[in-house]
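Have a look at the structure below, then the notes.
The values are calculated or read from the model by the stated rules, or taken from the named source; none is laboratory data. The structure presented is a predicted model; accordingly, all values stated were derived computationally and were not measured. Here Cβ is always computed from backbone atoms with ideal geometry, including for glycine, and neighbour counts include all displayed protein chains. Heads up: the accessible areas ignore ligands, DNA and RNA and are worked out on the full protein's heavy atoms, side chains in. Shrake-Rupley method; radii C 1.70, N 1.55, O 1.52, S 1.80 Å.
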Amino acid sequence: MDALHPVVIIKLLLAKLNSPAKIILIGLDSADRNLILKWCESCDLPNLRALQRNGAWGELASEPGVGDDASWASFSTTVSCARHGRFYFRTIEPGSYRTPRFRDHHLVYEPFWAELSRGGNRVAILDVPKCPLVTDLNGVQVTDWLVHGRDGGTRSWPAEMAPEICRKYGEDSTDRWGAGSWLCGREQLRDDLYETFIQRTLHSMQQKLSFAEEVLDRGDWSLFTVVFKEAHCIGHQCWHLLDEGHELFDADMAERLGNPVKRVYMALDTAVGRLLDRAGEDTTTIVFSDLGMGRNYTGEHILDAVLLELERSDSSPWAKARCSVNTAAARVCSRLVRKGGNYLRKYHRRFFQIEHNEISGAIRINLEGREPRGRVRRGREMDELCDWLSRELLDITDPDSGEPVVARVLRTDSTFSGDRLDYLPDLFVIWNRRAPITGAASPTIGELRLGAAGFRTGNHVANGIYFAGGHRITPMAQPCGASIMDIGPTVAALLGTTLENTDGRPLAALIAKSMLKCPG
């Protein structure tokens, strides 16, 4: 066969570059970047290794102090948590001490695929966690089917898809909404449940993959997005079976169960390969994780006891007595009416703990003009109190290990910027995770011994990873860092458009310059 003329080759390449974009976006929820890189190097994850070698990759930065709820909301909206206002599966209700469950209507920014859909792009969005359902979508969306920590029951657009999916592929068997079946919940599993949990986790991956393959075959999607939850679940419950330095490492169980974390990561890699084969070589690929995983050494279970001791230490004798009386009353009321007990426990205090993922403690200041019975004035008093709290928390050590309990204290109004700062805690307490935290001791609070928490053995660490490949992606010799908020703008740029009102930016270093479209 005669060789093609160079001009013909150039025309073919330009035609391919300018053809309608096809993008497949695969999320591996909380898949740890260090494990992925380790197992790419050892060739245990051949599909991710191929993306790493032939495309671009790098660390994907999450926002500091927050867990998966905030990270997934920042991914879908492409704005900071101080703008979308989600930091946990609960939200802060302004003008009250209530922290109800976060619902779709609480998210004031829409997911980026809604804007892409209105621009004429056909999209399929399958199980992105912590994001609302978009109706009137040019395509399909499924939410809260097989995700870790569901916001509600399975929903879809079109609406008739949800019951059909559950009928054909089955419901979730590790995190079932309203059925009390939450094997990847907040507490460590009993030993006799691990085999069941691992099998159900692998099964859920097959459920998701089968459905994703069916949807991928249905049509010519501009953007196809699917998120797998299994690295998240297995990391929470089985980290001690992977990490020989973990205090609960059990070599016999790890051998018997066959390194469950690695088994799940290898199965996820296989799923990625099957989807990419099905999508075709003309498809641009981005595979990413939102956060990593590590040992779940946390002080979440001791924080409020510490705060109560600090409150007493910095109060007048009358205030100390009132604090003790109200705390005792709160404990009695909480047994009778939980909401009332929590209310009493908060309103008489200057600061208190808010429930959060074990990644970091969350503290709310009882501010005048914001809380119904605020006791701290904004400005100098607030600043001095936050500075004092930070110093005191950083001074606390574990009475058994001697290690500092707290690594950092983040003040949110200094760390984040946005019009929904008041929907976030005022301080995030980043735990020192070098050793288990079983108590707290300092010159101010004395010594508190509260024992082990019984939490899951693994929990989130900041930052994930991404891999990008395809003819629209510029291969990179070195890793190129990005933010979780950059993925949406990058997808938009690959589709020849821009997103409005975003904190992210297109990763211009990865994308052929001819694909970038400048605003205005």
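Here is how the numbers come out for the structure above:
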read-out: Cα-based Rg / Dmax (Å) for region 73-196; value: 16.2, 52
read-out: 15 Å tail of the calculated P(r), region 198-254, as % of Cα pairs; value: 61 percent
read-out: For the chain, with +1 on Lys and Arg beta carbons and -1 on Asp and Glu, the positive-most of LEU223, GLY119, PRO489 along the dipole; value: GLY119
read-out: Solvent-accessible ranking of TRP182, TRP157, largest area first, probe 1.4 Å; value: TRP182, TRP157
read-out: Net charge of Cβ neighbours under 12 Å - reference ALA254; Lys, Arg +1; Asp, Glu -1; value: -2
read-out: Axial C-alpha extent at least 20 Å, average Kyte-Doolittle at least -0.5 - helices from the chain (DSSP); value: 194-216, 260-279, 317-336
read-out: Cα-centred dipole magnitude for region 121-280, charges only on beta-carbon of K, R (+1) and D, E (-1), debye, nearest 20; value: 480 debye
read-out: Sum of side-chain charges, GLU300 neighbourhood, beta-carbon under 13 Å (Lys, Arg +1; Asp, Glu -1); value: -1
read-out: Length added when fully stretched, MET253-GLU500, from 0.36 nm per residue minus Cα-Cα; value: 83.8 nm
read-out: Approximate shape of region 364-444 as ellipsoid semi-axes (Cα gyration tensor, √5λ), whole Å, largest first; value: 27, 14, 10
read-out: Cα centre as origin, Lys/Arg/Asp/Glu Cβ charges: the chain dipole, Debye; value: 1220 debye
read-out: Using alpha carbons only: equivalent-ellipsoid semi-axes of region 73-132, gyration tensor based, whole Å; value: 26, 11, 9
read-out: Relative packing of 348-361, 404-417, which averages over residues the other C-beta atoms within 10 Å, highest first; value: 348-361, 404-417
read-out: Cα-centre dipole for region 380-474 with unit charges at Cβ (Lys and Arg positive, Asp and Glu negative), debye to 20; value: 660 debye
read-out: P(r) histogram, all alpha-carbon pairs of region 25-103 included - 10 Å bins from 0, percent; value: 15, 37, 25, 16, 6, 1
read-out: Residue-count net charge about ILE198 - beta-carbon cut-off 12 Å; Lys, Arg +1, Asp, Glu -1; value: +2
read-out: Spin-label model distance (nm) - ARG176 vs ARG378, 7 Å beyond Cα toward Cβ; value: 4.8 nm
read-out: Sequence-separation-based contact order of the chain, relative, with Cα cut under 8 Å and 6+ spacing, percent; value: 25 percent
read-out: Radius, Kirkwood style, for region 379-520 when every pair of distinct Cα atoms is counted (Å); value: 19.3 Å
read-out: Burial ranking of peptide ranges 109-115, 397-403, 206-212 (average Cβ count within 10 Å, highest at the top); value: 109-115, 206-212, 397-403
read-out: Share of pairwise Cα separations in the chain, more than 43 Å, in percent; value: 20 percent
read-out: Peptides 456-462, 76-82 ordered by average Cβ neighbours within 10 Å, highest first; value: 76-82, 456-462
